[in-house]
1. What's the angle, to the nearest 10 degrees (0 to 90), between helix A:29-67's Cα axis and the longest principal axis of chain A?
2. Go ahead and estimate [θ] at 222 nm for chain B from helices alone: -39,500 (n - 2.57) per DSSP H run with n ≥ 4, summed, over the residue count, rounded to 500.
3. How far is it, in nm, from the label point at A:Thr328 to the one at C:Met25 when both lie 7 Å from their Cα along the line to the Cβ?
4. List the pairs from A:Lys135/B:Lys120; B:Lys120/C:Lys70; B:Lys55/C:Lys10 whose alpha-carbon separation is above 21 Å, in the order I gave them.
5. Does anyone have the angle between helix C:48-71 and the longest principal axis of chain C? Alpha-carbon axes, 0 to 90°, nearest 10?
6. From the backbone phi of the range C:298-311, what are the Karplus-calculated ³J(HN,Hα) couplings (6.51 cos²θ - 1.76 cosθ + 1.60, θ = phi - 60°) in whole Hz, Gly and Pro given as x?
7. Counting only C-alpha contacts under 8 Å and six or more residues apart, can you give the relative contact order of chain A as a whole percent?
8. Tell me the mean residue ellipticity at 222 nm calculated for chain A from its helices only (DSSP H runs of n ≥ 4, each -39500 (n - 2.57), averaged over every residue, nearest 500).
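What follows draws every value from the coordinates through simple rules; no lab data is involved. Predicted model, so just to flag it, every value in this text is computed and none were measured. When we count neighbours, we look across all protein chains shown, and the Cβ atoms used for this are built from the backbone with ideal geometry, even at glycine.
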Amino acid sequence: MTTTAPGARSANSPISTPVKREITTKPRFSDKVFRGVATAGGLSSLVILGLILIFLGYQGFQVLRSEGFGFITGSNWQVMQDNAGNTDLAASTFGIAAMLIGTLLCAAMAVVIAVPISVLCALYLTFYAPQLLKKIMVAVIDLMAAFPSILFGMWGFFILMPHVEYWGRLIHKYFSWIPLFKMEIPVFTRSPFVAGVVLAIMIIPIITSVSREIFSQTPLDRVQAAYALGATRWSMIRAVVIPYGRSGVVGGAMLGLGRAMGETVAVYTVLNLVYQINWHVLIGAGGNVASMILLKFGEAGPTETRALMAAGLVLFLLTLLVNSIANTIVSRTGGKGR
Amino acid sequence: MINPNEDGNDEMETKTTPSSLSDVANATKARKQPGSGALGVGLEARGIHAWFGDKLVLRDISLDFWSGTVTALIGPSGCGKSTFIRTLNRMHEFIPGAAMAGEVLLNGQDIYEQGTDVTKIRLKVGMVFQKPNPFPSMTIADNVLAGLKLAQLKTENKDDLLEECLERAGLWNEVKDRLNAYGGSLSGGQQQRLCIARSLAVRPEVLLMDEPCSALDPGSTLKIEETIQHLSSSMTIIIVTHNMQQAARVSDYTGFFLSDGGPGELVEVGPTSEIFSRPKDTRTENYVTGRFG
Amino acid sequence: MSTVTVPKVKPTRPWKRTPKQQALMAANLLISAVVSYFVVLATPMKGKLAYLAIFFIAVIAINFAESYFKSGLAAAKDSIATSFAAAGLIIAVVPIFSILFTIFDRGRAGLNFNLFLHDMKSNGPNDPLGQGGLLHALVGSGIMVGIALLISLPIGILTAIYLTEIKGIYSRPIKFLVQAMSGVPSIVAGLFILSAIVFPITKSSSGLMGGLALSILMIPTIARTSEEVLLLIPNDLREAGVALGGTQWRTISLIVVPAAKSGLITATILGLARVAGETAPLVLVSGGGDAVNPNPFHAPMGSLPFYIWKGFTYGTPESIARSWAGIFVLLSLIFLLFIAARTLSGSGAKK
């Protein structure tokens, strides 16, 4: 404000505050069309998710209304028919509590098994492995993430299950004092534990690649600062990498949890579905919403199919919730400085 | 505000030593005799070559660093100064494909010898980086003492060590009331002095500084330079800098690195006053007078 | 400096393991193996698990002792961490190799050239292995994945363009929704098509329904991978295009998308690989016929996953052998897609 050119307009106000000018561009017609099309494409995810919600809700509404909260708190699944052979909705009961709890139990077990293995694996690949081994292993683990679930199911059924049953026996022998591992009937086949192990193997690649991504973003200057202070690799990891990557790993674990909860075929092949809440993971009786849908679908009449759609709605909302939390955590870790 | 004055006095004392330094300077000319002269040799680099992949980036650098002195390494960017000091505490090997030749003697012992514990080397040869990099998940106090935790060292009195290190780094007065605040809450210059204090806590014999002021404002730079002056009496300091005035201000010896597109080489080394007033090599002269670089 | 005549100096890497250290490591592993053998022999423990556990403990103990006496506690702790990290990798990859071996081992019996020439319309799953084939499944899978591709490719890439190029006000929520969509369980995708189309309208399953269900799973994969690819395109390319007076549409269609071409193809291939093996939604909506059915609008359509599923649930040795052969074919296809994606993205990165 010291020098004002002769005839400058600002002379009439002693303190001239610059007013921000709005910069506007009027897009050309072709751009308008293009933007419209791309926006429509972008909104498709919203539309599809909304449609899933609407249609599953619409088809399942009848059942949900007649069952109320009993649909998620009850464990009975009984279809009654009236004299004409049609399903009698009032007399039938649909409750998925056992299936829901089984789903959570198997998925939680899978995460508990998979997280330590994946984190160690990711640490090894990021900080220990020689370049060549790292390259090969990253490709192999990525490939494993693309294996179809029916493959895990069949492999789990024929190859893995005998081993896991044996591990189950060992656990039962030494840890049966823990309520979770108690057994009343010694049936180890097709237990939630087996399903948990198969699911763990399925989600290891997911958690490993998320963790690896996060670990490799650890700021290099901090890593070097730690090494320059005489840190060993492990003390560097503890001081720098773990504080930085902790929440990202939690996010990755939750992504794995979401995937494990929604898995269908792999669980179907290795789990014995029983309509009874069972917390004892070694016993060959468990529940799983997705597998139940697949199992019941073949012989279901119209009303029961509607009940299955209601169950699908519950599963959808559950996985949506878990995945949303997971993605929020992961994306926050990536952007933040610490 | 009393301490800074005292610091100033100390500085005066160190500044009054040039008479003895010129003796050392004479000794430098007849170098290659480790241990000769009034001051011992802190670190010796012998025929250092460095490669990234197949590319030779440093050729045959031999340099002695005397304890109790500050040696500045100057030169245009890309001449291998940073690579060179990273070979001195074995940080060079973190770059994939890196290779080296030659030896670095610390107290007469080659730090690249088979079976040497590299973490112990890095404890004795500390490093301060270009960008201040305190650990953000730790408090100021934890940051200073991080080295002890990382290397699993024991110390009797942590509080004394904490105060001593922050004092030597010239940061104590500014942070003594908030030792439990996080390191990230400090200003850039304070963070860099925190990093210096952090390196001091493991009691290194040599301190490498890789352009420690290049990310700081002039005021903070001045403070760091005071700190360097202050520390130099008790250890060997090697500082890489782009700033010739800084080299002239803080260092006793200066080495000039240059690369003509090929590997970096050491053109000339000598007492700082000589390098800046009557360099022997015309390339050095051109550089210090600002004709290029 | 003094001597400038440099003798040829060879680069060395003193930080690499020396042969002596490698020999020491091998000796450690060997000793541990011997220890585990004798410990298992001497104690009531038995089984592979016991051998492995003792072996692992022995390796850790020897490493710990060695580095403790050589370099102290910090190094010893580091050696434990190293052993555990390596064990993590081994545990993670053992299933992969077991799976690959199993497929090769069990799939071999059912493999023959006839598989690719015949369908199952005149054969039951229990018939001897040489009869019938999976032509119908291959055709069906191809048609359904093709339908899914036709739907998902434009939507996925438009979504990616919206997120990276238009950056409209909905960018953040849409990014979030795309991520949420990639977590939709495959059975829910099937149920959705069932509830929205099959159940109220068509009342019958067909290949088109299968393709629609697959596209729900494919859109987020393509969108997310394409987004990453487009983000890698440097901004100056866009600015150069606009600065030359191009409209945004022309800049993106003539400059940005061609620059990202190989990456976008990779994204598409990865999307294909993801849905090619989906089983649950196809069981719900595609019907799964036994004859070659080239018409996606009418009548049930077979697919590879369904073929495998059917063989497995039928449960006889022959039908299960058919399943393994089907998996062999399916995984080979996925493997080929994967290699194609890798090669493409590799060659794209070099440019």
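1. Approximately 30 degrees, to the nearest 10.
2. Details: 13 runs with 112 residues, N = 293.
That comes out to -10500 deg cm²/dmol.
3. In this crude spin-label approximation the distance works out to 4.4 nm.
4. Working: A:Lys135/B:Lys120 31 Å; B:Lys120/C:Lys70 12 Å; B:Lys55/C:Lys10 12 Å.
From the list (A:Lys135/B:Lys120; B:Lys120/C:Lys70; B:Lys55/C:Lys10), the Cα-Cα distance tops 21 Å for A:Lys135/B:Lys120.
5. On a 0 to 90 degree scale, this one is about 50.
6. So the J values, rounded to whole Hz, are 9, 6, x, 10, x, 7, 4, x, 5, 4, 5, 4, 5, x.
7. On the way: 446 pairs, mean separation 83.5, N = 338.
Rounded, it is 25 percent for chain A.
8. Details: 13 runs with 215 residues, N = 338.
The helix-only estimate for chain A comes to -21000 deg cm²/dmol at 222 nm.
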